Structure formats: structure tokens, C-alpha cells
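The values are calculated or read from the model by the stated rules, or taken from the named source; none is laboratory data. Source: prediction; values computed, not measured. Cβ atoms come from the backbone with ideal geometry, glycine included; neighbour counts cover every protein chain shown.
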Amino acid sequence: MVSFENVSKFILSDVSIHIPKGSAVGIIGASGAGKTTFMKLACGLLEPDGGNVYTMGKNPVINRSQLGRKMSCFFTGIPVLNEFRSVRDNFKDLQIVYQISDTEFEPIYSDLATRFGFDAYEYTPVKSLSLGQRRRAELGAVLLQRPELLLLDEPANGLDENAKTIFRDILQERVKEGMTLLITSHDMKDISQMCDRIMVLNQGKMLFYGNKNTLMRKYAPMDIMIIQYEGAIPDLEDLPLSRFSFDRDMLSIVYNSNYITSAEILDLLIKKISIREVNVKKPGLEEVILEMERMKGDI
Amino acid sequence: MLKPYLAFAKKNFLNRSAYRFNHFIGIVNTLLRIFIFWCIYDALYGSRTEVDGITMAMVTTNFVLSIGMDAMFSIDDYYLSGRISNGSIANELLLPISFKGRMLFENLGNSMFQLVFHFVPALIVAALTVGFLPPVSLPMFLLFLISTILGYGVLWTISFAMQMFAFWLINVWSMVTIKNVFINVLSGSMIPLWFMPEWLKPVLDVLPFSSIYFTPVQIYLGQLTYGEIAYKCGIQGFWIVVIWLFGNLLWSRGKKKLVVQGG
């Protein structure tokens with residue numbers, strides 16, 4: 001669906017990637033890592049200085065308008081709606097642009113308006129709306145034409161938790177129906193829940209692109225086991241653990257699941273102490289990124 | 001293929017009717033301008049029936065039609081610059097519709113509204129008050145209509161080309177002001193080109209400004225032969241093509257600037 005061949009532009013340097021149709025890719029990285037540049041290259045708003053970009057098999061800069069029939073984009077800071085018009089008027093404009101018939105338009109509009117909740121202020125001029133209200137309407141607008149490819153750059157900014165959940169649900173439905181999704185976000189929960197693939201950018205370089213589970217295993221294989229126990233403190237020095245600590249009757253163990261499994265640790269401990277409760281925590285995407293940041297010198 | 005553009009023209013036409021007070025004030029403004037011009041020329045003519053062969057009725061007809069056409073054409077000179085300054089141009093470029101086509105047809109929708117609900121009522125009021133000459137003949141009136149459409153084309157392309165500078169300047173207010181001064185003075189709407197110095201007339205004849213209002217008015221008044229009409233309409237067409245090409249060159253460069261520099 002989207003291919004980059006040795007693409008360089010601004011901070012992005014020599015990025016090559018192939019995003020297959022129907023996948024949901026989360027693009028993560030610190031501010032200034034090149035996420036927005038990547039998205040603008042993918043939709044044809046930027047031309048690469050070096051390399052080639054293909055979106056749906058076409059050069060997006062030359063075929064931008066043609067691709068617009070199958071692709072929708074949202075960039076934070078680029079207004080989607082005319083602020084002097086009402087929300088509904090803006091959607092009616094988009095109905096003309098995408099040549100959607102009235103019979104098709106009304107159910108789609110009504111579904112989006114009800115779910116995002118902008119039906120309550122559909123006749124209010126956009127300039128009178130709060131950031132959150134405006135964002136709900138903007139996200140509804142990019143979903144109106146049921147795009148095959150959806151590019152979202154920091155879409156969740158300004159949304160409350162309820163709206164974020166609705167938004168995630170709608171996106172997940174659309175991805176299940178075959179839509180390809182590229183999304184950048186600082187909210188790891190968004191990325192973690194919606195995307196099956198992750199792309200990590202750091203200062204314009206692609207540190208990782210692939211399956212979410214692979215990323216976890218590669219960069220954050222550390223699990224944390226917290227055990228509530230009774231009995232004498234066991235000797236753990238011989239186990240391949242990263243670290244462990246005691247606090248009264250609580251034992252915390254940090255270990256690399258590539259070297260030792262939780263079952264192996266418990267098997268050993270259960271012979272020596274009486275275990276009352278066990279909790280094993282996997283790191284979240286946020287911890288993975290922090291770990292990558294910490295390790296970037298070694299990568 | 002034209003369907004979305006015609007839909008935008010229709011939508012703009014209908015949207016205009018929502019702002020009734022603004023529309024009413026617009027008609028008052030046009031009538032005031034006509035009345036002020038009539039007072040000025042009435043004072044200048046005094047008791048004379050004609051100056052250099054130009055009668056007061058001809059002058060009145062010139063400014064009534066010119067001011068009426070100006071109100072009818074109603075071109076939004078800030079269509080592009082507004083979108084560049086708030087950044088929404090990037091979003092517009094991603095839509096599966098020609099930005100320039102939408103720009104033209106939205107304006108046509110406005111102009112059609114202005115024609116029906118502004119130009120015609122203002123003309124009726126002007127006819128009943130200051131008065132103006134009727135067209136010399138039906139063929140000349142039809143040619144006047146054709147030339148008026150071409151005049152609109154010249155004015156729209158001038159505005160289009162000038163707006164393209166917004167890619168570099170962002171704010172085109174000063175350029176719009178300069179353009180309007182040139183149009184007001186050199187198009188014959190404020191000072192009929194009959195009264196311009198003899199040495200200047202041949203220059204003005206070939207400049208695009210006189211093509212906007214003065215050529216249609218001359219045809220309306222029957223001052224041109226069919227051969228001259230063909231020549232003048234040819235000049236109108238020439239300027240539409242040349243300015244359109246120039247505007248498109250700027251448009252391409254402007255878009256290139258956006259995709260290369262990112263803004």
C-alpha cells in the first residue's frame with residue numbers, strides 16, 4: 001500500500017519500508033524524529049530529496065488528487081474544516097467533493113455524528129467549538145469517504161478518554177474491513193491497541209519496523225515478578241536474573257524472559273518458600289520506547 | 001466531471017441568500033456609488049450636453065454598467081491567501097477535486113447570485129433615478145453579454161494570478177490594493193477611457209484592464225463596428241489565456257515550494 005525506497009527528506013534519512021494493504025502501523029518516536037515528515041511524504045504533501053515513495057503503486061506527489069479518492073489524511077495543525085461554516089455544512093462540502101449520494105451520505109454522517117457526539121453541535125460554526133469538539137468533527141470528516149488508506153498524525157490531541165475510546169473502536173472496525181492505517185501518536189495506548197505493526201523513528205532513522213510482539217521481545221524482554229511469600233529468604237544468586245529486591249514479605253524480581261521463564265523461577269522458589277501471591281507484569285509500549293531510547297547508542 | 005464544481009456553484013449561490021442584511025447593504029453601496037459618480041459628472045458637465053462628443057447619458061451608462069458589473073463579478077481576492085495563512089491549503093490539495101476549479105465555480109455561484117439579486121435590482125433603481133441609455137440593438141446587446149463574460153474572465157484571471165503570490169508573500173493585501181487601483185483607473189469604470197489623453201488610449205486599448213468593463217460598455221453603446229468587436233473580444237480572449245498561463249506557472253511553482261520546502 002505504501003512503499004519507501006531509500007527515502008531522505010529533512011531529518012528523515014535513507015528510510016526503506018513496505019506497508020502492506022490492510023495493516024495498521026503505528027509510527028512512534030520523540031518530537032522531531034520525522035514522523036510527520038514520513039506521513040507527508042506518504043500522502044504527497046512533500047517530495048523526497050532522495051529515493052522514491054509509492055502510495056497505492058503511484059507517485060503521491062504527481063497523483064495526489066487522484067489518490068484523494070481512496071486516501072484520507074489528518075495532520076495536527078492543518079485545518080480540515082472551514083471554521084466559518086457549521087460542522088454539517090463542512091460535511092456537505094465533503095459530500096460534494098467525494099461525490100457521495102444523499103442516500104449514502106445521511107446514514108454515514110448520522111453514524112459518525114452520533115458516535116463522535118458532534119450531532120449535538122452540528123449547526124454550530126466550527127470556530128465556536130472547543131478543541132475537543134472540533135477534533136471529534138475533524139476525525140469524523142476524514143472517515144466520511146471510507147478511505148482505503150488513512151493517515152493520521154497525532155489525531156488524539158484534544159480528545160477526552162471517552163472520545164479516544166470511540167475513535168479507537170471506529171478505527172479498529174475500519175481496519176477489520178480492510179482499511180490500511182498509518183498513525184502517529186504520543187499516546188502509546190492508542191498505538192498499542194490499534195496497531196499490529198510498529199515503526200520506530202529516532203532522529204530521522206528507522207530503528208525498528210515490524211510486528212509489535214517482535215518489538216517487545218527484542219527491546220523489552222524484561223518481565224517483573226512480584227511475589228508475596230512466607231519463610232526464609234531464598235538464595236537467588238545462581239539464577240540468571242537482572243535484579244531482585246526484598247521488602248518485608250514482598251520479593252520483586254526483574255528478569256529477561258529470553259533467558260529464564262516465570263515458570264522456571266516459580267518452580268525453584270516453590271521448593272524453598274511458601275508463596276501466597278504472584279503477579280507478573282509485562283512492560284508496556286511506553287517502557288519499550290524508553291528502553292530503546294536508553295539503548296540507542298548500542299543499536 | 002463538472003458535477004462537483006456545479007454543485008459548489010449552486011451551493012454558493014444558495015449560501016449567499018442566507019446573509020440578507022449583508023446583501024441589502026451591498027445593493028445600497030452600489031446605488032450610493034452610482035449616485036456619487038452621477039453627482040460628480042453632473043457637476044463637471046454643468047449645462048453642457050456633451051464633452052468631446054461624449055454625452056452625459058453615455059458617461060452615466062458607462063459608470064452604471066461598470067459599477068454594476070463590478071458588483072456582479074464579486075471576486076474573492078483572498079480565497080487562496082486565507083488558506084495559505086491558516087495552512088488548510090495542504091488539506092485542499094489532498095482532496096480529489098481541482099482547487100482552481102473549485103475556486104472558479106464557487107466564484108461563479110457568487111456572481112450568478114449577484115447578477116440576479118444585486119446587478120438587476122441596482123440597474124432598475126439606476127434606470128428610474130439617474131437613467132441610462134438602452135442598448136443600441138439586440139445583436140449589440142448579445143455581443144455585450146458575450147464581452148461581459150470575457151470581461152469577467154479577464155478580471156478573474158488577474159485575481160487568480162495575483163493570488164498565487166500568496167505562496168511567497170502569505171498576505172496579498174498590498175497586491176490586491178495595487179491591482180484595484182489599476183483596475184479602477186485604467187479599466188474605464190471610474191474615468192471613462194474617452195477622456196484619457198490621446199497618447200495613452202492606444203496603450204490602454206491593448207492592456208487587460210480596459211477589457212474588463214470598457215469593452216463591453218463600448219459594445220453596448222454601439223461604438224464599435226463588428227470588426228472592432230471581433231478585435232476587442234480577441235484581446236479579451238488573449239489576456240484570459242496569457243494571464244491564466246502566467247497564473248498557472250505561479251501555481252505550479254507555489255505547489256512545488258510547498259512540497260519541496262514543506263510550506
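Selection over region A:29-55 of residues that are among the hydrophobic types (A, V, I, L, M, F, W, C) and within 10 Å of chain B (Cβ to nearest Cβ) gives a count of 4.
Among residues of region B:1-29 being within 13 Å of chain A (Cβ to nearest Cβ) and not in a helix (DSSP H, G or I), the one that is modelled with the highest pLDDT is B:Leu2.
Across region A:105-128, the qualifying residues are those that are closer than 20 Å to B:Phe8 by Cα and surrounded by fewer than 14 Cβ atoms within 10 Å (Cβ to Cβ), and the one among them that is nearest to the other protein chains (Cβ to nearest Cβ) is A:Tyr123. Within region A:181-192, the only residue that satisfies the criterion of being surrounded by 24 or more Cβ atoms within 10 Å (Cβ to Cβ) and polar (S, T, N, Q) is A:Thr184. Cβ separations smaller than 9 Å between residues 6+ apart or across chains give the following pairs from region B:1-24 residues that are surrounded by fewer than 18 Cβ atoms within 10 Å (Cβ to Cβ) to residues that are basic (Lys, Arg) and not in a helix (DSSP H, G or I): B:Asn15/A:Arg85. The single residue among A:Gly44, A:Gly22 that is without any contact (Cβ under 8 Å) to a residue 24 or more places away in the chain, of a type outside the set (A, V, I, L, M) and within 20 Å of A:Thr180 (Cβ to Cβ) turns out to be A:Gly44. If you filter region A:69-87 down to residues that are of a type in the set (S, T, N, Q) and in a loop (DSSP other than H, G, I, E, B), you find that the one that is farthest from the other protein chains (Cβ to nearest Cβ) is A:Thr76. At least 2 residues being at pLDDT below 90 is the threshold, and among the helices (runs of 4 or more DSSP H) wholly inside region B:86-137 those reaching it are B:120-129.
Quick check on B:Phe182: is it under 26 Å from B:Phe37 (Cβ atoms), touching a Ser or Thr at 6+ places or on another chain (Cβ under 7 Å) and modelled with pLDDT of 90 or more? No, not satisfied. Scanning region B:191-220 for residues that are part of a loop (DSSP other than H, G, I, E, B), within 20 Å of the chain's Cα centre (by Cα) and surrounded by fewer than 20 Cβ atoms within 10 Å (Cβ to Cβ) returns B:Ile191, B:Leu207.
Determine whether A:Gly140 is surrounded by 23 or more Cβ atoms within 10 Å (Cβ to Cβ), free of Cβ contacts under 8 Å to residues at least 60 places away in the same chain and in the same structural domain as A:Ala42 (by TED's automatic domain parsing). Against the criterion (surrounded by 23 or more Cβ atoms within 10 Å (Cβ to Cβ), free of Cβ contacts under 8 Å to residues at least 60 places away in the same chain and in the same structural domain as A:Ala42 (by TED's automatic domain parsing)), A:Gly140 qualifies.
Residues checked against (1) outside the structural domain of A:Ile28 (by TED's automatic domain parsing); (2) exposed (fewer than 14 other Cβ atoms within 10 Å of the Cβ); (3) closer than 30 Å to A:Thr37 by Cβ:
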{"position": "A:Leu201", "(1), (2), (3)": "no, no, yes"}
{"position": "A:Ile227", "(1), (2), (3)": "yes, no, no"}
{"position": "A:Ala232", "(1), (2), (3)": "yes, yes, no"}
{"position": "A:Asp235", "(1), (2), (3)": "yes, yes, no"}
{"position": "A:Val254", "(1), (2), (3)": "yes, no, no"}
{"position": "A:Ser257", "(1), (2), (3)": "yes, no, no"}
{"position": "A:Ala263", "(1), (2), (3)": "yes, yes, no"}
{"position": "A:Leu269", "(1), (2), (3)": "yes, no, no"}
{"position": "A:Ser274", "(1), (2), (3)": "yes, yes, no"}
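Sort through B:Gly82, B:Gly46 and tell me the only one that's within 14 Å of another protein chain (Cβ to nearest Cβ) and free of Cβ contacts under 8 Å to residues at least 12 places away in the same chain.
B:Gly82
If you go through region A:88-100 and keep only what is at the interface with chain B (Cβ under 8 Å from one of its Cβ atoms) and part of a loop (DSSP other than H, G, I, E, B), you end up with A:Tyr98, A:Gln99.
In this structure, is B:Phe167 surrounded by fewer than 20 Cβ atoms within 10 Å (Cβ to Cβ) and assigned to a helix (DSSP H, G or I)? Walk me through it before giving the result.
Working: surrounded by fewer than 20 Cβ atoms within 10 Å (Cβ to Cβ): no; assigned to a helix (DSSP H, G or I): yes.
In short, no.
Scanning region A:56-68 for residues that are within 11 Å of chain B (Cβ to nearest Cβ), small (Gly, Ala, Ser) and surrounded by fewer than 17 Cβ atoms within 10 Å (Cβ to Cβ) returns a single hit, A:Ser65.
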